[in-house]
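*Asks:* Dumping the structure here so I can ask a few things about it.
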Amino acid sequence: MASFCELARLCDALSQTASRLQRVRLVADFLSALSPQEAEIAARFLAGRTVAQGDDARLKLSVRAVWKVAAELVAGAAPDEGIFETAADFGEAVEILMRMRGEPSGTPLTLLDVERGFEAISVIEGRAARQAKLAGLRELFARSSSLEGKLLARIVVGEMRQGVGEGLIVEAVASMTARPIAEVQRAFMLEGDVGRLARAARQGSLTLAPTTGLLSRPRPLRPMLAQPAPDVAQAFALLNRPFALEHKLDGARVQIHRFGDEVKIFSRRLNEVTRSLPEVAAMMRERLKDDGVIMDGEVIALGVDGRPRSFQDLMRRFGRVRDVDRLLREQPTALFLFDLMARDGRLLVDMPYHSRWDSLSEVAQRANLTLARRIIPGSVEEAEAFFEDAIAAGYEGVMAKALDSIYTPGARGGGWLKIKRAHTLDLVVVAADWGYGRRRGWLSNYHLAARGESPGELLEVGKTFKGPSDEEFEAITEQLLALKRDEQDGTVFVRPELVVEVAYSDVQRSPRYPCGFALRFARVVRVREDKTVSDVDTVATIAQRFAEQSTPAMIRRG
Ligand code: AMP
């Protein structure tokens, strides 16, 4: 049984090793010595995850909760907040704090103990949930040494600080199985989770030739992502090969799996949402004639007039178990399908999009399901007319998809472009100011950041207090406080996790912001619960928008 302490020692060694190659070696050697089950847990913890990607469970424990639990263990010593000033990060602060207690006696924690502990915490729901969750966490900390406490704290808050991302784990798996990185990268896309990848590697069952292997049960695939493009005319230049345009529906991405009697629906973040969308699940069970299928689509909320409603109306249903029945009555939905990733248990991801679409059309026709509206434009005029048609019908814009593009799970493959009318960007909130006047008691002025060039780099591009309703301000305040890192002079600094879609009038040059740009008249359109910081737009996109703004569309087209 591998001890949690060995993983904690590995993490310490990793944080002191500058060479990437050497870090890959360390991780590969460590995983190779574990059983498949332990390798799964270790890989997941190394990536800063408490549960598998695709798992609905969340610990829902804030930085504050972790600190409280660790501090309570240090009998007699007042939890000294001053530690934060000397420590390099939160994990180290917990380690310093726990050293004051001395090392625990009793049986050491195994990897499995910690995994079980997390699982038990994540399933706690209901009124007394917070106390019960804290008690669960306390049990783990009580059995931890200071070094283990540091690792526990880091995993729970998701800040590992050791330079091991999912990419490095993929390389380690390639090294331990003596496979080319591209092949393992591919297997990772299909597994959708580093833990499952490491387990498969230890079992010798990596899905390396996906198109020949048969799938037998629902297992979420990472969804293919799109790159932004300024307008439809640009799609011709950017794709430079035949493509289709589809309506871009403004709802929630769903991945629908049907294997035998089993129907499962996953969200964009691979959380299972079957119970939030019972009508969609029932429709699949009743109507689908095909088996072993994985479909990609968008569920939208409909108003009484049959027109699409706001995305927020729909998201209320996600992640909810109670009240679904009432919302089902009050909020009808419509499903539009746009891709087919498996049929008869065979993965179709390597087939070109036009063949997948043909196959999808057959499946949909047999089951009387609706596809996203689509054309293959013969000219820029035809493409523009389709775009205007989408906007007039109340949709968000269009997607342009190269006919020969394969489905690249989890990646912006370049085969898909998204084209919207509104100038919006997905940005992450890195800090917020306490409001005053009517907004007293709420965090109301949000500091927004885009992704920079190097991994993990975030650069501020603007602030705004416009957009949210009173109710939303209250909810956002609560969410941000759970992510709080620090507070200074009325500004709360938070972990960068809350993604918001922001509308703006134009991009300006700005010497005040380190990236050199700022957004004018920024306004929060909505919180993107379905997105994480890795989905946030880049400074390069903002620079491109700036360049486009200064060039009239007519010139760009030519
Ligand atoms: P965005 O959320 O702005 O990054 O745009 C990409 C999202 O658009 C996808 O994740 C889907 O949820 C959504 N979408 C709507 N209609 C389509 C479509 N026809 N094809 C692909 N994605 C679509």
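*Asks:* Averaged per residue, what accessible area in Å² does region 4-157 show with a 1.4 Å probe, protein chains only?
*Replies:* Using a 1.4 Å probe on heavy atoms only, each residue of region 4-157 averages 46 Å².
*Asks:* Take every DSSP beta bridge whose two residues both sit in the chain, then give the antiparallel share in percent to the nearest 5.
*Replies:* 90
*Asks:* Just name one of Gln488, Pro468, Ala2: the one whose Cα is farthest towards the positive end of the charge dipole of the chain (beta-carbon charges, Lys/Arg +1, Asp/Glu -1).
*Replies:* Pro468
*Asks:* With +1 on each Lys and Arg Cβ and -1 on each Asp and Glu Cβ, how big is the dipole of region 4-157 about its Cα centre, in debye rounded to the nearest 20?
*Replies:* For region 4-157, the charge dipole is close to 260 debye.
*Asks:* So who's got an amide H within less than 5 Å of the one on Ala342, skipping anything under 5 residues away but keeping other chains? H placed 1.01 Å off N, in plane.
*Replies:* Ile294, Leu348
*Asks:* Which percent of the accessible area of region 9-148 is formed by carbon and sulfur heavy atoms (probe 1.4 angstrom)?
*Replies:* 51
*Asks:* Sort Val194, Val123 from largest to smallest accessible area, using a 1.4 Å probe on the heavy atoms of the protein chains.
*Replies:* Correct descending sequence by accessible area is Val123, Val194.
*Asks:* Report the charge-dipole magnitude of region 234-420 in Debye, nearest 20, computed about the Cα centre from +1 at each Lys and Arg Cβ and -1 at each Asp and Glu Cβ.
*Replies:* Here region 234-420 has a charge dipole of around 620 debye.
*Asks:* Say the dipole of the chain comes from +1 at the beta carbon of Lys and Arg and -1 at that of Asp and Glu; which of Val164, Ala431, Gly378 then lies farthest toward its positive end?
*Replies:* Most positive-ward Cα: Gly378.
*Asks:* I've got another one for you. What is the distance in Å between the Cα centroid of region 432-506 and that of region 136-179?
*Replies:* Rounded to whole Å, the Cα centres lie 28 Å apart.
*Asks:* Now for a different question. With +1 on each Lys and Arg Cβ and -1 on each Asp and Glu Cβ, and nothing else charged, work out how big the dipole of the chain is about its Cα centre, in Debye to the nearest 20.
*Replies:* 220
*Asks:* Moving on. Quantify, in whole percent, the carbon and sulfur part of the accessible surface of region 424-553 (1.4 Å probe; protein heavy atoms only).
*Replies:* Carbon with sulfur: 50 percent of the solvent-accessible area.
*Asks:* Give the accessible surface of region 234-420 per residue, rounded to a whole number of Å², with probe radius 1.4 Å and ligands, DNA and RNA excluded.
*Replies:* Value returned for region 234-420: 41 Å² of accessible area per residue.
*Asks:* Which Cα, out of Ala503, Phe546, Ser105, lies furthest along the positive dipole direction of the chain (beta carbon charges, K/R +1, D/E -1)?
*Replies:* Among Ala503, Phe546, Ser105, the one farthest towards the positive end of the dipole of the chain is Ala503.
*Asks:* Express as a percent, rounded to the nearest 5, the fraction of DSSP beta bridges in region 234-420 (both residues included) that run antiparallel.
*Replies:* 95
*Asks:* At a probe size of 1.4 Å, how large is the accessible area of Glu125, to the nearest 10 Å²?
*Replies:* Surface accessible to solvent at Glu125 totals approximately 140 Å².
*Asks:* Restricting things to alpha carbons, find the Rg to Rh ratio for the chain using the Kirkwood radius for Rh.
*Replies:* So for the chain, dividing Rg by the Kirkwood Rh gives 0.96.
*Asks:* Let me ask you something else. Suppose we flag trypsin sites (Lys or Arg not before Pro) only when DSSP calls them loop and at most 12 other Cβ atoms lie within 10 Å. Which is the longest uninterrupted stretch of the chain?
*Replies:* The longest uninterrupted stretch comes out as 323-511.
*Asks:* Ok, one more. Could you tell me which of the pairs Lys289/Lys418; Lys68/Lys466; Lys463/Lys484 are separated by over 28 angstrom between their Cα atoms in the structure shown?
*Replies:* Table pairs above 28 Å Cα-Cα are Lys289/Lys418; Lys68/Lys466.
*Asks:* Which of the three applies to region 462-523, rounded, prolate or oblate, going by the alpha-carbon gyration tensor with a ≥ b ≥ c and a/c under 1.5 meaning rounded?
*Replies:* The shape class here is oblate.
*Asks:* Solvent-accessible area per residue for region 424-553 at a 1.4 Å probe radius, Å²?
*Replies:* 49
*Asks:* Still on this structure, I have one more. Roughly how much of Asp261 is accessible, in Å² to the nearest 10, using a 1.4 Å probe?
*Replies:* 140
*Asks:* If you line up the long axis of helix 539-549 against the longest principal axis of the chain, both from Cα atoms, how many degrees apart are they, to the nearest 10?
*Replies:* 30
*Asks:* Turning to a different aspect of this structure: Please work out whether region 4-157 counts as rounded, prolate or oblate from its C-alpha gyration tensor, where a ≥ b ≥ c are the square roots of the eigenvalues and a/c under 1.5 means rounded, while otherwise a/b larger than b/c means prolate and anything else oblate?
*Replies:* Note, shape of region 4-157 comes out oblate.
*Asks:* On to the next question. Could you tell me the calculated FRET efficiency between Asn368 and Met100, based on Cβ-Cβ distance and R0 = 51 angstrom, to the nearest 0.05?
*Replies:* E between Asn368 and Met100, to the nearest 0.05, is 0.15.
*Asks:* At a 1.4 Å probe, what is the % contribution of carbon and sulfur to the accessible area of region 234-420?
*Replies:* It is 48 percent, rounded to a whole number.
*Asks:* List the residues, sorted by chain then number, that are 5 or more residues from Gly414 or on another chain and whose placed amide H is less than 5 Å from its amide H.
*Replies:* Sorted by chain and number, the residues that satisfy this are Gln227.
*Asks:* Let me ask something else. What accessible surface, in Å², does a 1.4 Å probe find on Thr538, ignoring ligands, DNA and RNA and rounding to the nearest 10?
*Replies:* That residue has around 30 Å² of solvent-accessible surface.
The values are calculated or read from the model by the stated rules, or taken from the named source; none is laboratory data. Computed from a prediction, not measured in an experiment: that's the story for all the values here. Here Cβ is always computed from backbone atoms with ideal geometry, including for glycine, and neighbour counts include all displayed protein chains. Surface areas here come from the heavy atoms of the whole protein model, side chains and all, with no ligands, DNA or RNA. Shrake-Rupley method; radii C 1.70, N 1.55, O 1.52, S 1.80 Å.
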